[in-house]
Every structure is written in C-alpha cells, then in structure tokens.
1. If residue 197 meets every condition in (1) surrounded by 15 or more Cβ atoms within 10 Å (Cβ to Cβ); (2) more than 17 Å from the chain's Cα centre (by Cα); (3) under 18 Å from residue 53 (Cβ atoms) apart from one, which number is that one?
2. Output yes when any residue across segment 147-159 is part of a strand (DSSP E or B) and within 16 Å of the chain's Cα centre (by Cα), and no when none is.
3. Please give the number of the condition residue 150 fails out of (1) within 26 Å of residue 280 (Cβ to Cβ); (2) in contact with a strand residue (DSSP E or B) (Cβ under 8 Å, 6 or more places away or on another chain); (3) surrounded by fewer than 18 Cβ atoms within 10 Å (Cβ to Cβ).
4. Looking only at residues that are without any contact (Cβ under 8 Å) to a residue 60 or more places away in the chain and in contact with a strand residue (DSSP E or B) (Cβ under 9 Å, 6 or more places away or on another chain) in segment 167-185, which one is surrounded by the most Cβ atoms within 10 Å (Cβ to Cβ)?
5. Restricting attention to segment 160-191, which residues are within 12 Å of the chain's Cα centre (by Cα) and part of a loop (DSSP other than H, G, I, E, B)?
6. Test of understanding: among 166, 184, 215, which residue is out of contact with any helix residue (DSSP H, G or I) (no Cβ under 8 Å at 6 or more places or on another chain) and at pLDDT 95 or above?
7. What are the residues in segment 209-243 that are surrounded by 13 or more Cβ atoms within 10 Å (Cβ to Cβ) and at positive phi, if any?
8. Any residue that is part of a helix (DSSP H, G or I) and more than 21 Å from the chain's Cα centre (by Cα) - is there at least one of those in segment 103-110?
C-alpha cells in the first residue's frame, strides 16, 4: 500500500515539474539577453554590399570614378555632412553626382562627421566637440544627417555612418557624454527610417561600443565600421569586437589609411576598406 501511494505521488508531481521546467525555458527564451544585438528595424531592405571600397576627403569628379572603374573598388565613402568634416567644401557632391555614380555601379557609404567627443585625440577636432546637452545635440545632428541625405537622393533604408574620431576611454565623464550623443543620433536616424552605422578607431570608439553592448545598452549602432590600419583585411577577426556581435553583413574594416593610388591616370589619397554591410539606397 505504501509503495502504491509513492507511485501516485510521483505521478502527480511529474506534470507539475514538467510544466515548471517548460515555463522556465519559455521565460528564458523570451527575456532580452544581456549584450543583445542593437536594433535592426529597417523600413525597407537595405542594399548590402560585399567587396572593396575606398573613402577620400572630397568626392572625386565622375571622370575619376570612370577612370577607376576597372579597379577592385566598387564602393566609395562620401563625407556628406557634419560640422566636423575635414573637407566641408564638396564641389562635386550633389544629387546628380550621387545618381550618376550609382548608375555607374558604385555603392556609396555616406559618412556624417558631427560633433566629436570632448576627449578627442586629434587637436584639429577639439573645436567641434559636443557642447551642451549631449542627447539634444545628438538628436539635432541626427535630424541634420537625414535632411542632408535626403537632399542628395539617399533614401530611407540607407545606412548613414556617424564618424567619431579617436577619443580617450579613461575619462568616464567624456565617454558618458559621447555615448549619450551617439545613442541619441542613432535613435533619431533610426526613427526617420535610416540604418545608423558607426565609424571609429578599433581601440577607442569601437571598443567603447562593444563595452556598451556587453553592458546591455540600448540604441547602439546597427553597423560597425572599425579602423585598424597596417593590418590585413579581417572583418570578423577584430579583437575589440565579439565574434558574434554585429553580424551578419554589419561590418566594415578600414585596414589602411592616407595611401596614394593612381588608376587610369587619376591619383587619389584614400583609405582602404573591406565591406560586408548596408550602403546607400539611391532614389
């Protein structure tokens, strides 16, 4: 009789234990994971480009792009806006230039050089650091980036890359303010239908974003463009980024900078990039 009671108790307990285990598993699956990937809410499918790209301070004449057509490069970074641009005057960059370059088969990576970190390393950038409320500045400059992109025919669904030059990670007040600016810029561009990307040096801004991701921060960049010069192209072996983060198709490696190349009789000073990431959608 006693053994019969034990069997009955076990029979009654088994469904309860099973249900508890299933509910626990469901809660684990539905809970947001720490260090989860940044948001990827894209209104329309972005154009993903896989290949080689260069960026240069000023958008070159279309004749230069034609002369470079037989090179390995099929992508080009264009500095389309921001108070921190090294080349604020862009005599060639216009909506017509963008459309013509797109029709010629060039994939564009739009770069916005806005306000810089208060602890920026480059002395020339210290006159354009974040002033006032970082979140308000970031949101305002995010709106400016979208307006400038639209004026060039760069449509929603495009990636826009915020260029944040190298800065010190030792100054916690500076990094906090910089992160607030970046997150606000991302929120605003994302809200207006664009894909926020981020460019910085691997050992400063990119390391900072990875730490923020691991800490569970929201509103981080959707795409990571990291500069590590004097190295072989390596999209998914960057030591400052988790191998599982910012993938698939969410990375650009700038592996060389300020190098001279000549093709078809046209010479440019460029940075070299390997790309597996969203580019501009041209209207």
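1. Against the list (1) surrounded by 15 or more Cβ atoms within 10 Å (Cβ to Cβ); (2) more than 17 Å from the chain's Cα centre (by Cα); (3) under 18 Å from residue 53 (Cβ atoms), residue 197 comes up short only on (2).
2. Yes, segment 147-159 contains at least one residue that is part of a strand (DSSP E or B) and within 16 Å of the chain's Cα centre (by Cα).
3. Result: residue 150 passes all but (2).
4. Per the stated criteria, the residue is 182.
5. 164
6. Going through 166, 184, 215 in turn, the sole match is 215.
7. Answer for segment 209-243, where residues must be surrounded by 13 or more Cβ atoms within 10 Å (Cβ to Cβ) and at positive phi: just 219.
8. Within segment 103-110, one or more residues are part of a helix (DSSP H, G or I) and more than 21 Å from the chain's Cα centre (by Cα).
The values are calculated or read from the model by the stated rules, or taken from the named source; none is laboratory data. If you're wondering where the values come from, they're calculated on a predicted model, not measured in any experiment. For neighbour counting, all protein chains shown are included, and Cβ atoms are generated from backbone atoms with ideal geometry for every residue, glycine included.
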